[in-house]
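Input: a single structure, listed below in structure tokens.
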Amino acid sequence: MGNLHLETIESLQAKLREGACSSVEVVQDLLGAMEAVDGQVGAYLSVDAETALAEAAEADRRRADGKAGALNGVPVAIKDVLNVKGQPCTCGSKILEGFVSPYDATVVKRLREAGAVLLGRVNMDEFAMGSSTENSAFRTTRNPWDLSRVPGGSSGGSAAAVAAREAIASLGSDTGGSVRQPAAFCGCVGLKPSYGRVSRYGLTAYASSLDQVGPVTRTVSDAAALLQVLAGADPMDSTSVDAPVPDYREEIKLGMEGLTLGLPAEYFVEGTDPEVDAAVRAAVAQCEALGATVREVSLPHTPYAIAAYYIIATAEASANLARFDGVRYGRRVEGQDPIEMYGRTRAEGFGPEVKRRIVLGTYVLSSGYYDAYYLRAQKVRTLIRDDFAAAFGDCHALIAPVSPTVAYGVGEKTGDPLQMYLGDIFTVTANLAGLCGVALPCGFTAGGLPIGMQVLGPAFAEEQILRVAHAYEEATDWHTRRPALVEETVSSRQEG
Ligand code: GLN
């Protein structure tokens, strides 16, 4: 075993280029790491080792033929919400048990074109609704830093797999924080691209006006490398935008000098875990020391964000999830007539959180309540967007915590959905406003849990936030730490 599972995309690519290892060896090491830790972490829902090894062998052949793509031979784990032709796609739901995707999502197609190897499918909250991965119908993924705690969600499998070194990188989706928050809980880098930057074709829709696919990685340059491949217009998604795609890997190297960073007053408030607050403030001081100018800004409509988000997201979800009726996809529970069949299928197929949201979303859209809830939420959304536009008039990027807490205990919040929703306060705004944001490690609690910060930027300014994040990451070593679980595996595997 060469411990290749510990590499980043960048370090791995260097090794692959030099011929120091093959892609097949990388996949073998990752399969070994899965075997060692996934029984405890539970990040993967399904792994098709044979196909992954065959794709890796193919990648090795391409390299030998001088035809290596931008991500040639790099294995990437895929959130179970993205369609990969011929593979299951459950979205963490019993209603899609047995469903096999007939086509590739555009992001998957692009990964393939770049030569990446699709490693396996990782766990998530059912239909991406949740913040802890406890809403998966199949299992609760554990946080590799402390197995009694949640990995965050909804892309909890994506982040846990990367943190536990059972994946080099993964894809997640972020509707209200689902890439950034689990990345923060697991000590990874998680990028939510601007709305329209990355195609949503083949991403099972939760809330179509908020959803974006984004990478979870161990370093900022790895996130840039993945975005490079994922970004760009797609004729299959009319909301993808035909804006130029910069050379992210180069642009992020420009350093902190000359950048103005805003600190939103509303994101540094009481209620946030003091260790999180202190770590993010220390990170801001570090950015200043690296040459950034820091100023306070205000996003005055922040207190209304959670309410607006949970109205808009559930409204869209109630419409999007109407398609799961037992007729076309996945599971069907027979009834005496179609109406009974629909009812039974949905009653047995959907979990309690998904049902709660369908009910809530249907309610806020119903006649008589539409104006009071849905329409008002849309107006709040505009105000939040305007808040950010004003803030970005003065600064290149904003720095904030990702979540008011670090990873909490499994079961701690499941009894109180509202408490769970409130934890999304610092992430949902970027989705409501269509902005980009990246979460990255900025410290650890005294108890050894990762703390994340986020850098938010204007729409289509990914290179700007990645530049800030990269400069900070270069000056710190938080991202190099590994969970004890991983250390144990490394040594025991070396002995073996
Ligand atoms: N936690 C938020 C929710 O439950 C965000 C989820 C997401 O981004 N997919 O809706």
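The values are calculated or read from the model by the stated rules, or taken from the named source; none is laboratory data. Just so it is clear, the model here is predicted, and its values are computed rather than measured. With ideal geometry, Cβ positions are generated from the backbone for all residues, glycine too; neighbour counts draw on all protein chains shown. Surface areas here come from the heavy atoms of the whole protein model, side chains and all, with no ligands, DNA or RNA. Shrake-Rupley method; radii C 1.70, N 1.55, O 1.52, S 1.80 Å.
Tell me the per residue accessible area of the chain using a 1.4 Å probe; a whole number in Å² is fine.
Working: 17750 Å² over 496 residues.
Using a 1.4 Å probe on heavy atoms only, each residue of the chain averages 36 Å².
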Rounded to whole Hz and in sequence order, give me ³J(HN,Hα) for region 459-472 from the Karplus expression 6.51 cos²θ - 1.76 cosθ + 1.60, θ = phi - 60°, writing x for Gly and Pro. 4, 6, 10, 4, 4, 5, 6, 5, 5, 4, 4, 5, 4, 5
Mean residue ellipticity at 222 nm from the helices of the chain, using -39,500 (n - 2.57) per DSSP H segment of n ≥ 4 over the full residue count, to the nearest 500 deg cm²/dmol? -12000 deg cm²/dmol
Please list 3J(HN,Hα) in residue order for region 12-26, calculated via the Karplus relation 6.51 cos²θ - 1.76 cosθ + 1.60 where θ = phi - 60°; whole Hz, with x for glycine and proline. 5, 4, 4, 5, 5, 4, 6, x, 6, 7, 10, 5, 4, 5, 4
Whole-percent carbon and sulfur contribution to the accessible surface of region 307-362 (1.4 Å, no ligands, DNA or RNA) stands at 56 percent
E251 versus Q40: modelled label distance in nm, points set 7 Å from Cα along the beta carbon direction: 4.0 nm
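Might you report the magnitude of the Cβ-based charge dipole of region 210-368 about its Cα centre, with Lys and Arg at +1 and Asp and Glu at -1, to the nearest 20 debye?
Numbers: 14 positive and 23 negative charges, 124 e Å.
Rounded to the nearest 20 debye, it is 600 debye.
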Among P246, V216, L321, which residue has its Cα furthest toward the positive end of the charge dipole of region 205-361, with +1 on Lys/Arg Cβ and -1 on Asp/Glu Cβ? L321
Row for region 229-338, column shape: gyration tensor on C-alpha, a ≥ b ≥ c, rounded if a/c < 1.5 i.e. under 1.5, prolate if a/b over b/c, else oblate; value oblate
Just the accessible area for E412, please: 1.4 Å probe, Å², rounded to the nearest 10? 130 Å²
Can you give the Rg and Dmax of the chain based on its C-alpha atoms, in angstrom? 21.3, 70
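How high is the FRET efficiency between S148 and A389 when r is their beta carbon distance and R₀ equals 35 Å, given to the nearest 0.05?
Numbers: r = 42 Å, r/R0 = 1.21.
Once the sixth-power term is evaluated, E becomes 0.25.
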Given the C-alpha centroids of region 262-329 and region 355-386, what is the distance between them in whole angstrom? 19 Å
Tell me, what is the FRET efficiency for E18 and L422 to the nearest 0.05, using R0 = 56 angstrom and their Cβ-Cβ distance as r? 0.70
Quick one: which residues, 5+ away or cross-chain, put their amide H under 5 Å from the amide H of T260? H built at 1.01 Å from N. T293, H396, A397
Using a 10 Å cut-off on Cβ atoms, rank the peptides 355-362, 340-347, 184-191 from the highest mean neighbour count down. 184-191, 355-362, 340-347
Spin-label point model (7 Å from Cα, Cβ direction): what's the R376 to S298 distance in nm? 2.3 nm
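Let me know the charge dipole size of region 259-316 about its Cα centre in debye, to the nearest 20, where only the beta-carbon of Lys, Arg (+1) and Asp, Glu (-1) is charged. Please list the in-between numbers first.
On the way: 2 positive and 8 negative charges, 41 e Å.
Roughly 200 debye for region 259-316.
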Report P(r) for region 183-237: all Cα-Cα distances, bin width 10 Å, range 0 to the bin holding the largest distance, values in whole percent. 24, 49, 25, 2
Considering only N431, A446, H479, whose Cα is most displaced toward the positive end of the charge dipole of region 362-481, charges sitting on Cβ of Lys, Arg (+1) and Asp, Glu (-1)? N431
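Which value, in debye to the nearest 20, describes the size of the charge dipole of the chain about its Cα centre when Lys and Arg Cβ atoms bear +1, Asp and Glu Cβ atoms bear -1, and nothing else is charged? Present the calculation step by step, with values, prior to reporting the outcome.
Details: 44 positive and 61 negative charges, 178 e Å.
Once rounded to the nearest 20, the dipole reads 860 debye.
Loop-only trypsin sites (Lys or Arg not before Pro) in region 125-178, please: DSSP not H, G, I, E or B, and at most 13 other Cβ atoms within 10 Å. Intermediate values should be presented prior to the final figure.
Values: sites: R139, R142, R149, R165; in loops: R139, R142, R165.
Listed in order of number, the matching sites amount to none.
Note the direction-averaged projected area, equal to a quarter of the hull surface, for the Cα convex hull of region 382-448, in nm².
On the way: hull surface 24.0 nm².
That works out to 6.0 nm², a quarter of the Cα hull's surface.
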Give me the Kirkwood hydrodynamic radius of region 79-160 in Å, from all C-alpha pairs, to one decimal place? 13.0 Å
Fraction in percent of alpha-carbon pairs per bin - 10 Å, region 4-158: 12, 38, 35, 14, 1
If the convex hull of the alpha-carbon atoms of region 211-257 is projected onto planes in all directions, what is the mean projected area in square nanometres? 4.2 nm²
Report the one residue of V150, L53, A164 whose Cα lies farthest in the direction of the positive end of the charge dipole of the chain (charges on C-beta: Lys and Arg +1, Asp and Glu -1; origin at the Cα centre). L53
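Summarise the accessible area of region 158-266 (1.4 Å probe, protein heavy atoms) by the percent that is carbon and sulfur.
Working: 1300 of 2380 Å².
Taking all protein chains in place, region 158-266 shows 55 percent carbon and sulfur surface.
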Quick check: the distance between the Cα centres of region 434-492 and region 390-426, to the nearest angstrom? 16 Å
Does region 119-167 come out rounded, prolate or oblate by the C-alpha gyration tensor, with a ≥ b ≥ c the root eigenvalues, rounded set by a/c under 1.5 and, if not, prolate when a/b is larger than b/c and oblate if not? oblate
For region 409-496, alpha-carbon Rg over 2.2 N^0.38 Å: 1.43
Note to self: C-alpha centroids of region 238-256 and region 119-177 sit apart, in Å, by 27 Å
Please list, in chain and number order, the residues 5+ apart from V216 or on another chain whose amide H is under 5 Å from its amide H, with Hs placed from the backbone. S170, L171, G172
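Rounded, prolate or oblate: pick one for region 25-107, where a ≥ b ≥ c are the square roots of the eigenvalues of its C-alpha gyration tensor, a/c under 1.5 means rounded, and failing that, prolate if a/b is larger than b/c, else oblate. Each step should come with its number before you reach the end.
Values: a/c = 2.59, a/b = 1.37, b/c = 1.89.
In terms of gyration-tensor shape, oblate.
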